[in-house]
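The values are calculated or read from the model by the stated rules, or taken from the named source; none is laboratory data. Note that the structure is a prediction, hence the values are computed from the model and not measured. For neighbour counting, all protein chains shown are included, and Cβ atoms are generated from backbone atoms with ideal geometry for every residue, glycine included.
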Amino acid sequence: MPQIIILPNEEFCPEGVVINADKGTSICRALLANDIEIEHACEMSNACTTCHIHIREGFDSMKESDETEDDLLDKAWGLDPDSRLSCQAILEEEDLVIEIPKYTINQVSEMH
C-alpha cells in the first residue's frame, strides 16, 4: 500500500500529513478519503485544474498524463514539470511526496 506524503499547506494540512492509499486510487480520491478537502470543481471529470498538485517525489513511477490532462495543465496556476491533476494521477506501488499549490484557478468558486 503506497503512502502519500503531503507537504505542509496552510489551508489543507498546515503540519503536513502522511496517508496510506490503495494502488489504483486517484490521488484526489485518496486525499478526500483522508479529510484533505482539495478542490475538485469538475467532480474529478478531467475538465478543470482545481485539483492541480506537484508530485515532488515519485513522479516517474506514475503513468504518463494524457493529452486532455496536458492541455488543462497548460492553464494551471504555478505549472511545473512535476504537475499533475490529482483526479487523473493514479497511484502505483511507489510512495509519493506531493505539494498542493497555494493558489488554484477556480472560475466558479464562491470563496472570496
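Quick look at the numbers
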read-out: Count of the stretch 1-23 residues which are closer than 15 Å to D95 by Cβ and not polar (S, T, N, Q); value: 13
read-out: Residues within the stretch 1-12 that are without any contact (Cβ under 8 Å) to a residue 40 or more places away in the chain and either part of a helix (DSSP H, G or I) or among the β-branched types (V, I, T) (or both), tallied; value: 0
read-out: Selected residue (criterion: nearest to E99 (Cα to Cα)) from residues of the stretch 44-54 that are under 13 Å from the mean Cα position of the chain (by Cα) and among the hydrophobic types (A, V, I, L, M, F, W, C); value: I53
read-out: Candidates E57, E64, E39, E15, filtered to the one that is within 16 Å of P101 (Cα to Cα), acidic (D, E) and without any contact (Cβ under 8 Å) to a residue 24 or more places away in the chain; value: E15
read-out: Tally, over the stretch 60-94, of residues that are farther than 19 Å from S45 by Cβ and either of a type in the set (D, E, K, R) or part of a strand (DSSP E or B) (or both); value: 7
read-out: Extreme residue, nearest to I5 (Cα to Cα), among residues of the stretch 21-59 that are part of a loop (DSSP other than H, G, I, E, B) and among the β-branched types (V, I, T); value: I36
read-out: Some residue of the stretch 46-60 being at negative phi, surrounded by fewer than 13 Cβ atoms within 10 Å (Cβ to Cβ), at pLDDT 95 or above and not small (G, A, S); value: yes
read-out: Among (1) of a type outside the set (F, W, Y); (2) in contact with a strand residue (DSSP E or B) (Cβ under 6 Å, 6 or more places away or on another chain); (3) at pLDDT below 95, the one test that I4 misses; value: (3)
read-out: Lone qualifier among E37, E69, E64 - being surrounded by fewer than 13 Cβ atoms within 10 Å (Cβ to Cβ) and within 13 Å of the chain's Cα centre (by Cα); value: E37
read-out: Unmet criterion (only one of (1) buried (at least 18 other Cβ atoms within 10 Å of the Cβ); (2) at pLDDT 95 or above; (3) in a loop (DSSP other than H, G, I, E, B)) for I98; value: (3)
